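Can you read through this structure? Questions will come right after.
The values are calculated or read from the model by the stated rules, or taken from the named source; none is laboratory data. For clarity, every value in this text was computed on a predicted model and none was experimentally measured. All Cβ positions, even for glycine, are placed from backbone atoms using ideal geometry, and neighbour counts span all protein chains on display. The protein model used for the area step is the full one, side chains on, heavy atoms only, and it has no ligands, DNA or RNA in it. Shrake-Rupley method; radii C 1.70, N 1.55, O 1.52, S 1.80 Å.
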Amino acid sequence: QVQVVESGGGLVQAGGSLTLSCEASGSIFSINAMGWFRQAPGKQREVVAGTTGGGSTNYGDFVKGRFTISKVNALNTVYLQMNSLKPEDTAVYYCYVKGYELGQVLKIFDAWGQGTQVTVSS
């Protein structure tokens with residue numbers, strides 16, 4: 001099995017910064033992609049940022065240069081550096097992981113963390 005754990009959420013004033021982390025563990029052979037989604041009250045879950053094993057990255061339009069995703073491949077870990085936070089960034093942030101799981105044979109997996117709350121006050 002593959003486990004995904006997020007951390008780093010909390011309360012911050014508008015204009016401040018937070019860094020989220022996500023670690024995947026378990027029977028992982030390789031990871032093809034890791035990234036972040038978020039869901040605010042009354043809204044649909046949306047893509048925040050993602051990265052592939054080859055190093056490509058993508059961001060949601062609302063980020064506008066404020067967020068940066070990075071990874072440490074050897075630790076199966078990704079980070080989300082969030083700067084110039086706004087009240088509308090308030091949401092639960094979820095980490096996702098896609099890759100191949102090692103068992104009797106290799107198999108594709110998708111895994112999600114349980115989420116970490118980010119609250120930005122005015």
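For segment 1-29, which residues satisfy the criterion of being surrounded by 13 or more Cβ atoms within 10 Å (Cβ to Cβ) and hydroxyl-bearing (Ser, Thr, Tyr)?
Within segment 1-29, SER7, THR19, SER21, SER25, SER27 meet the criteria.
Then there's this: Taking only segment 63-119 into account, find how many residues are modelled with pLDDT under 95, within 26 Å of GLY42 (Cβ to Cβ) and surrounded by 13 or more Cβ atoms within 10 Å (Cβ to Cβ).
Residues in segment 63-119 being modelled with pLDDT under 95, within 26 Å of GLY42 (Cβ to Cβ) and surrounded by 13 or more Cβ atoms within 10 Å (Cβ to Cβ): 1 in total.
Give me the pairs: first residue in segment 52-73 and more than 15 Å from LYS98 (Cα to Cα), second residue β-branched (Val, Ile, Thr) and assigned to a strand (DSSP E or B), beta-carbon distance under 6 Å, and six or more apart or on different chains, which are they?
So the pair list comes out as GLY60/VAL47; GLY60/VAL48; ILE69/THR51; ILE69/THR57.
Test SER122 against the criterion of being farther than 13 Å from TRP36 by Cα, small (Gly, Ala, Ser), touching a helix residue (DSSP H, G or I) at 6+ places or on another chain (Cβ under 7 Å) and surrounded by fewer than 19 Cβ atoms within 10 Å (Cβ to Cβ), and give yes or no.
On the way: farther than 13 Å from TRP36 by Cα: yes; small (Gly, Ala, Ser): yes; touching a helix residue (DSSP H, G or I) at 6+ places or on another chain (Cβ under 7 Å): yes; surrounded by fewer than 19 Cβ atoms within 10 Å (Cβ to Cβ): yes.
Considered against the rule, which asks whether it is farther than 13 Å from TRP36 by Cα, small (Gly, Ala, Ser), touching a helix residue (DSSP H, G or I) at 6+ places or on another chain (Cβ under 7 Å) and surrounded by fewer than 19 Cβ atoms within 10 Å (Cβ to Cβ), SER122 comes out as yes.
To continue, here is another question. What are the residues in segment 30-43 that are within 20 Å of GLY103 (Cα to Cα) and either buried (at least 16 other Cβ atoms within 10 Å of the Cβ) or aromatic (Phe, Trp, Tyr) (or both), if any? Spell out the reasoning first.
Taking segment 30-43 and keeping what is within 20 Å of GLY103 (Cα to Cα), we get 30-33.
Once the filter is applied, which keeps residues that are within 20 Å of GLY103 (Cα to Cα) and either buried (at least 16 other Cβ atoms within 10 Å of the Cβ) or aromatic (Phe, Trp, Tyr) (or both), segment 30-43 yields ILE31, ALA33.
Filter segment 84-106 down to the residues that are basic (Lys, Arg) and in a strand (DSSP E or B) and list them by number.
At the first step, the residues of segment 84-106 found to be basic (Lys, Arg) are 86, 98.
The one that is basic (Lys, Arg) and in a strand (DSSP E or B): LYS98.
Which count do you get for residues in segment 25-57 that are out of contact with any helix residue (DSSP H, G or I) (no Cβ under 9 Å at 6 or more places or on another chain) and in a strand (DSSP E or B)? Reasoning before the result, please.
First pass over segment 25-57, keeping only residues out of contact with any helix residue (DSSP H, G or I) (no Cβ under 9 Å at 6 or more places or on another chain): 25-30, 32-37, 39, 41-45, 47, 50-52, 54-57.
Checking which are in a strand (DSSP E or B) leaves us with 25-26, 28-30, 32-37, 39, 47, 50-52, 57.
Adding up the residues that qualify gives 17.
Taking the conditions exactly as written (farther than 18 Å from PHE109 by Cβ and open to solvent by less than 60 Å² (accessible area, probe 1.4 Å)), does GLY50 satisfy them or not? Give the derivation first.
Details: farther than 18 Å from PHE109 by Cβ: no; open to solvent by less than 60 Å² (accessible area, probe 1.4 Å): yes.
So GLY50 fails the test.
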